[in-house]
């Protein structure tokens, strides 16, 4: 298990709208842009093999230039190369961080000095949600899935532990980038579950989550 002392001071950053990485969860990614293929190759040379996932913010024009201040680092744990040179990779979530100063240099991708303080629990054991009313939550989830035309393996959901269930849904459900950011920044699993419930309820009422979160 990675310890706080093992975390680097500088991270390569992958800004990707809607791609949410959470501690102790896995995020599959498809790499094809030359700059991110270069980032992947450089990552393989590093002992920690960490990549920082960050949500862009702002307007669509030049959105990638403006980043949210909080992201989550994932460790490269799996990869496979396609025949055309693309890669399918899997990141395993390690810890959230705050962006500090951007590091200029000769890489095609962006790198930042980062601050890991305040996210100590991310490197610890899985969180629990003592107040989690699973039956009512799954009932709401069922209505949300019907509304969105989605399907799932309900037996697996019923058996999943609190953190796996809440974090997996936070990552997989089709929320806006700003809503994903709210789920990322939740200070505890309970707060993330409450945010997730609010987003699903608002969607069922036909609301716009972006307006709700402003």
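The values are calculated or read from the model by the stated rules, or taken from the named source; none is laboratory data. Everything numeric in this text was worked out from a predicted model, so none of it was measured. Backbone-built Cβ (ideal geometry, glycine too); neighbour counts: all protein chains shown.
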*Odd one out for residue 133, checked against (1) more than 20 Å from residue 69 (Cβ to Cβ); (2) within 17 Å of the chain's Cα centre (by Cα); (3) surrounded by fewer than 17 Cβ atoms within 10 Å (Cβ to Cβ)*: (2)
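Looking only at segment 139-153, decide whether some residue is outside the structural domain of residue 68 (by TED's automatic domain parsing) and closer than 22 Å to residue 23 by Cα. Full working, then the answer.
At the first step, the residues of segment 139-153 found to be outside the structural domain of residue 68 (by TED's automatic domain parsing) are 139-153.
Adding the requirement that they be closer than 22 Å to residue 23 by Cα leaves none.
So far as segment 139-153 goes, no, none of its residues is outside the structural domain of residue 68 (by TED's automatic domain parsing) and closer than 22 Å to residue 23 by Cα.
This table checks each residue for (1) more than 17 Å from residue 5 (Cβ to Cβ); (2) touching a strand residue (DSSP E or B) at 6+ places or on another chain (Cβ under 8 Å).
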| site | (1), (2) |
| --- | --- |
| 93 | yes, yes |
| 105 | yes, yes |
| 112 | yes, yes |
| 115 | no, yes |
| 118 | no, yes |
| 121 | no, no |
| 125 | yes, no |
| 129 | yes, no |
| 132 | yes, no |
_Just checking, does segment 98-115 include any residue being assigned by TED's automatic domain parsing to the domain that holds residue 32, at pLDDT 90 or above, under 26 Å from residue 197 (Cβ atoms) and surrounded by 15 or more Cβ atoms within 10 Å (Cβ to Cβ)?_
no
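Conditions (1) modelled with pLDDT under 95; (2) more than 20 Å from residue 171 (Cβ to Cβ); (3) crowded, with 17+ Cβ neighbours inside 10 Å; (4) in contact with a helix residue (DSSP H, G or I) (Cβ under 7 Å, 6 or more places away or on another chain), marked per residue:
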site: 10; (1), (2), (3), (4): no, yes, no, no
site: 19; (1), (2), (3), (4): yes, no, yes, no
site: 36; (1), (2), (3), (4): yes, no, yes, no
site: 44; (1), (2), (3), (4): yes, yes, no, no
site: 47; (1), (2), (3), (4): yes, yes, no, no
site: 52; (1), (2), (3), (4): no, no, yes, no
site: 63; (1), (2), (3), (4): yes, yes, no, no
site: 66; (1), (2), (3), (4): yes, yes, no, no
*Which condition does residue 92 not pass, out of (1) in a strand (DSSP E or B); (2) closer than 19 Å to residue 41 by Cα; (3) in contact with a helix residue (DSSP H, G or I) (Cβ under 6 Å, 6 or more places away or on another chain), if it passes all the others?*
(3)
_Output for segment 3-47, where each listed residue is more than 24 Å from residue 181 (Cβ to Cβ) and assigned to a loop (DSSP other than H, G, I, E, B)_ = 3, 32, 45, 46, 47
